[in-house]
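Heads up, the thing below is written out as structure tokens.
The values are calculated or read from the model by the stated rules, or taken from the named source; none is laboratory data. What you see is a predicted model; the values in this text were computed from it and never measured. Glycine also receives a Cβ, built like all others from the backbone with ideal geometry; neighbour counts cover every protein chain displayed. Ligands, DNA and RNA are stripped out before the accessible areas are found, and what is left, the full protein with its side chains, is counted by its heavy atoms. Shrake-Rupley method; radii C 1.70, N 1.55, O 1.52, S 1.80 Å.
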Amino acid sequence: NQGRLLTADEQQLAALVGVANPERVYVYEVASIKRPEEPELASLCEQFGFLTEDTIGLTLGYGIYIKQGYLTTRLLSHELRHVYQYEQAGSTEAFLTRYIGEIMQFGYFNAPYEIDARAHEKDSML
């Protein structure tokens, strides 16, 4: 799956939730979002409720991975807010260090980055 750039409407949505460079975002619709194969990382994911069988979206930098059949404006806006958070963090490493730390401290649902992303969910493009 090669992914695709955001449509013009999706770029407007990205800008609305704070993304500085919407033209750099790619969306990949994938059959599933899997846990890491490395046993220790998989165990940590299980312990903190991250990357479960219910995961339908995952953002890594400017790449948004969405499980096939689940692409909605609400999910896309949530994941686009994570793109914004990556931009603000300054690097993938800085984002992941903070994000993983938050999940370990507060749990997935109560992690500040997740609370922020939920607060920026939109039900329609504009």
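Protein heavy-atom accessible surface, 1.4 Å probe, per residue over the chain: 57 Å². Report note on the peptides 39-48, 20-29: ranked by the mean count of other C-beta atoms within 10 Å, highest first, their order is 20-29, 39-48.
Of the beta bridges in the stretch 1-113, as assigned by DSSP with both residues counted there, near 55 percent are antiparallel. Relative to the dominant Cα principal axis of the chain, helix 92-106 is inclined by about 60°. Using 0.36 nm per residue and subtracting the Cα-Cα separation, the extra length available between ASN21 and TYR70 on full extension is 15.3 nm.
When only Cα pairs below 8 angstrom with a gap of at least 6 residues are kept, the chain shows a relative contact order of 26 percent. Relative to the longest principal axis of the chain, what angle (0 to 90°, nearest 10) does the C-alpha long axis of helix 73-89 take? Around 70 degrees separate the two axes.
The accessible area of GLU38, taken with all protein chains in place and a 1.4 Å probe, comes to roughly 90 Å².
Could you work out, for the stretch 13-126, what percent of all Cα-Cα pairs fall into each 10 Å distance bin, beginning at 0 Å and stopping at the bin that holds the largest distance? Calculated over all Cα pairs of the stretch 13-126, the distribution is 15, 46, 35, 4, 0 percent.
Over all projection directions, the Cα-based convex hull of the stretch 75-126 averages an area of 3.5 nm².
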